[in-house]
Amino acid sequence: EPAKGQYNWGPLDAIVNTANARGVNVLFSVVKAPKWARPGNTDWSVEGPPANPQDFADFMAAMAARYKGRVRAYEIWNEQNLGREWGNEPIDAGRYVQLLAAAYKAIKAQDPSAYVISGAPTPTGVNNAFAMDDALYLEKMYQAGLARYCDGIGVHPSGYNNPPDATASSWNDPTAPAFKGHRSFFFRDTLWTYYAIMRKYGDGGKRLWPTEFGWASTEGLGAGPAEGYGYANDNSEAEQAQFLVQAMQLARSWGFVGPMFVWNLNFGPVSGPHDEKAAFGILRPDWSPRPAYAALRDMPK
């Protein structure tokens, strides 16, 4: 929407049409406001929310009307407990829920059958001007009325270099001692922590939607890990495959996890092999399959 009420649907039409033709369900994660909608005093070096939630609601209404019956779900924002995803403005779960509520009402008015998923926080134990602990942030979302404005709870249960059945209190790997000792580094802990919060606020009947999860591996990429992603050296391609399948099976057995979205298919051609997104891919930058691709394809569905 380069200007208020002016839409360029071409790229999204192509995605939706291609996915629908192949029987693939679509979730759109809608994030980042155009410049005209941002606050005048915003930090332009990062992405951020609109000044007026109604502008976002108007966009979501137009999108939901256009793709009614063709897009199954919408995730509203992404990792908004990080300053860099929130315009480097004060991290504010209440303000986010205002944005979510406006979007929820707009979407449901156009396509009542569409699922609206709350934006997934990023797992972190940090509390400062740049981030808020994701469990604390989720609690604040609930205190601001989250339960009334979503059909599922978005979550990004990263596994780092830890198996999906491991927990911070029980797992120790002397060969890879970093990224241990806090629940935010563990797939299982993140999901169970969120589920406990959901039940605390009487919302345990909803499902958690892992809209982004995976295990990074630098094996076979010919490039070292990106800064801050050293754990990608600890995971082999075989472990990446094993952990992804095991995570799917565990989540299914728990009964409170809904659709799961592996991060990612193949960002390598776009980002290059040195970018952390390539290490998460289940295809190599040359489009050859990694073991995870076949493992996910062949696992019981």
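Numbers at a glance
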quantity: A62 vs. criteria hydrophobic (A, V, I, L, M, F, W, C), part of a helix (DSSP H, G or I), modelled with pLDDT of 95 or more and exposed (fewer than 15 other Cβ atoms within 10 Å of the Cβ); calculated: no
quantity: Within segment 186-279, helices (runs of 4 or more DSSP H) holding 1 or more residues that are in contact with a Gly (Cβ under 7 Å, 6 or more places away or on another chain) and under 20 Å from E139 (Cα atoms); calculated: 187-200
quantity: Residue within segment 141-163 that is aromatic (F, W, Y) and touching a strand residue (DSSP E or B) at 6+ places or on another chain (Cβ under 8 Å) present; calculated: yes
quantity: Cβ pairs under 7 Å, 6+ apart, first in segment 141-155 and within 10 Å of D203 (Cβ to Cβ), second assigned to a helix (DSSP H, G or I) and modelled with pLDDT of 95 or more; calculated: Y142/I197; L146/V97; C150/L100; C150/Y104; I153/Y194; I153/M198
quantity: So I91, is it in contact with a strand residue (DSSP E or B) (Cβ under 9 Å, 6 or more places away or on another chain), at pLDDT 95 or above and under 17 Å from G145 (Cβ atoms); calculated: no
quantity: Positions within segment 280-295 being surrounded by 17 or more Cβ atoms within 10 Å (Cβ to Cβ) and part of a helix (DSSP H, G or I), in sequence order; calculated: F280, P291, A292, Y293, A295
quantity: Filter result (more than 30 Å from N17 (Cβ to Cβ) and within 17 Å of the chain's Cα centre (by Cα)) within segment 81-96; calculated: N81, L82, G83, R84, W86, A93, Y96
quantity: Among the candidates A120, A176, residue that is out of contact with any Phe, Trp or Tyr (no Cβ under 6 Å at 6 or more places or on another chain), at pLDDT below 95 and in a loop (DSSP other than H, G, I, E, B); calculated: A176
quantity: Residue within segment 159-182 that is in contact with a Pro (Cβ under 6 Å, 6 or more places away or on another chain) and either buried (at least 21 other Cβ atoms within 10 Å of the Cβ) or at positive phi (or both) present; calculated: no
quantity: Selection count where residues are aliphatic (A, V, I, L, M) and either under 16 Å from Y74 (Cβ atoms) or surrounded by 11 or more Cβ atoms within 10 Å (Cβ to Cβ) (or both), scope segment 5-23; calculated: 4
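Condition check ((1) within 18 Å of the chain's Cα centre (by Cα); (2) in contact (Cβ under 8 Å) with a residue 40 or more places away in the chain; (3) on the phi > 0 side of the Ramachandran plot) across all residues:
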position	(1), (2), (3)
A14	no, no, no
R22	no, no, no
V30	yes, yes, no
A51	no, no, no
Q54	no, yes, no
D58	no, yes, no
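Listed here are the residues, each with its yes/no results for (1) at pLDDT below 95; (2) under 13 Å from S184 (Cα atoms); (3) among the aromatic types (F, W, Y); (4) surrounded by fewer than 19 Cβ atoms within 10 Å (Cβ to Cβ).
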{"site": "D111", "(1), (2), (3), (4)": "no, no, no, no"}
{"site": "V116", "(1), (2), (3), (4)": "no, no, no, no"}
{"site": "M132", "(1), (2), (3), (4)": "no, yes, no, no"}
{"site": "L136", "(1), (2), (3), (4)": "no, yes, no, yes"}
{"site": "M141", "(1), (2), (3), (4)": "no, no, no, no"}
{"site": "Y149", "(1), (2), (3), (4)": "no, no, yes, no"}
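The values are calculated or read from the model by the stated rules, or taken from the named source; none is laboratory data. In this text the structure is predicted, and so the values were computed from the model without any measurement. All Cβ positions, even for glycine, are placed from backbone atoms using ideal geometry, and neighbour counts span all protein chains on display.
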